[in-house]
Ligand code: SF4
Ligand code: SF4
Ligand code: SF4
């Protein structure tokens, strides 16, 4: 079997993002652990940790769109969420193949499975299609909760609630130390991802569903030039999204992540490339590195724009964190059924 190559620039970006994620996780641990023990940390809280609060990001986006006001409790989370949406809406679903560290881990686990047993399990089409619908059900639930079930006042109330002010620490405590349930769920997902390629991403991730839908409107998509195509099927063979690329002119599937594995596998220069609309010919196409640079450039532009505008660091002071984290198990920080407990209750 021929080697499955990955665009070099994309892979480098993914490793940098994974390294950043690990660094943020370590710094956050060094910050939150002393606070939880009633001591003062020697490092500062990394704002990038808010990347792991996508629901908060959705709520803050709704708040921004309806009021024009940036949520200053988690401004970095809002910036990152909007950066993710923009890059995916311009270079189709590119967040998954370039930035998301879970995507890289999932891909590596799938490769491990191929190396270990020669192949990964592929559910038959009659099962694959309904399973792929699961992530849209999850996304639909979150979208309903954020955009419909909550009134604008409830959104404001949640974003400013005691729970939301320390939600990053609550999330951290879910994993450290992990409960038996956490270990069990993660174990099933890891083993499942070795056996079934992209198990989490393909079937369960609501974030992937969101950026996939945004990718539908993307002007930059993988496009095949039928006049150059030799019908060798190399593109289809390597596609992690299992798309029949050799038969498509413009890859408009919600599953395509603009990973460009098909582009580097294609033996005919310019036949398969990321192109703008109405450019199904050799004259207008982006080399893999350029397409990756456009995607990541948009993400950096949004995040950098927020930083330059002063919307990056939380307005929650270190003293407030210290006070709240010391009482993190108090009922004050429980959010149940959309009813947020407010201070004094
Ligand atoms: S599907 Fe979800 S987990 Fe997978 S790469 Fe995309 S956003 Fe990340
Ligand atoms: S069609 Fe190409 S760019 Fe899209 S997922 Fe498949 S290999 Fe990646
Ligand atoms: S790899 Fe290139 S030449 Fe081969 S089928 Fe795909 S688009 Fe055509």
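The table below lists the values:
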{"read-out": "Scan of the range 149-170 for residues that are part of a helix (DSSP H, G or I) and under 15 Å from residue 70 (Cβ atoms), ordered by number", "value": "155, 156, 159, 164"}
{"read-out": "Helices (runs of 4 or more DSSP H) enclosed by the range 45-123 - at least 3 residues per element that are within 26 Å of residue 316 (Cβ to Cβ)", "value": "54-67, 75-90"}
{"read-out": "Residues satisfying the stated conditions in the range 180-233, i.e. within 16 Å of ligand 1 (Cβ to nearest atom), out of contact with any helix residue (DSSP H, G or I) (no Cβ under 7 Å at 6 or more places or on another chain) and farther than 18 Å from residue 92 by Cβ", "value": "185, 186, 188, 196"}
{"read-out": "Members of the range 217-240 that are touching a residue at least 24 places away in the same chain (Cβ under 8 Å), within 11 Å of ligand 2 (Cβ to nearest atom) and either in a helix (DSSP H, G or I) or within 25 Å of residue 114 (Cα to Cα) (or both)", "value": "234, 235, 236, 237, 238, 240"}
{"read-out": "Among (1) over 21 Å from residue 36 (Cβ atoms); (2) in contact (Cβ under 8 Å) with a residue 12 or more places away in the chain - the single one residue 140 does not satisfy", "value": "(2)"}
{"read-out": "Residue within the range 3-16 that is within 16 Å of ligand 3 (Cβ to nearest atom), within 28 Å of residue 252 (Cα to Cα) and without any contact (Cβ under 8 Å) to a residue 24 or more places away in the chain present", "value": "yes"}
{"read-out": "Test: residue in the range 221-239 that is crowded, with 17+ Cβ neighbours inside 10 Å and more than 15 Å from ligand 3 (Cβ to nearest atom)", "value": "no"}
{"read-out": "Subset of the range 244-253 that is surrounded by 18 or more Cβ atoms within 10 Å (Cβ to Cβ) and part of a loop (DSSP other than H, G, I, E, B) - its residue that is nearest to ligand 2 (Cβ to nearest atom)", "value": "251"}
{"read-out": "From 181, 243, residue being free of Cβ contacts under 8 Å to residues at least 24 places away in the same chain and within 16 Å of ligand 3 (Cβ to nearest atom)", "value": "243"}
{"read-out": "Restricting the range 178-216 to residues that are outside any helix (DSSP H, G or I) and away from ligand 2 (no atom under 16 Å from the Cβ), the residue that is surrounded by the most Cβ atoms within 10 Å (Cβ to Cβ)", "value": "196"}
{"read-out": "Qualifying residue in the range 288-311 (condition: crowded, with 20+ Cβ neighbours inside 10 Å and farther than 28 Å from residue 79 by Cα)", "value": "no"}
{"read-out": "Test: residue 74 is away from ligand 1 (no atom under 16 Å from the Cβ) and either surrounded by 17 or more Cβ atoms within 10 Å (Cβ to Cβ) or under 24 Å from residue 53 (Cβ atoms) (or both)", "value": "yes"}
{"read-out": "Wholly enclosed helices (runs of 4 or more DSSP H) of the range 254-334 bearing at least 3 residues within 30 Å of residue 132 (Cα to Cα)", "value": "261-265, 288-308"}
{"read-out": "Residue within the range 90-113 that is away from ligand 1 (no atom under 13 Å from the Cβ) and at pLDDT 95 or above present", "value": "yes"}
{"read-out": "Failed item in (1) away from ligand 1 (no atom under 16 Å from the Cβ); (2) over 19 Å from residue 88 (Cβ atoms); (3) touching a residue at least 12 places away in the same chain (Cβ under 8 Å), with residue 269 passing the rest", "value": "(3)"}
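The values are calculated or read from the model by the stated rules, or taken from the named source; none is laboratory data. All figures in this text were calculated on a predicted structure; none of them were measured in a lab. Neighbour counts are summed over all protein chains in view; Cβ atoms, including those assigned to glycine, are modelled from backbone coordinates with ideal geometry.
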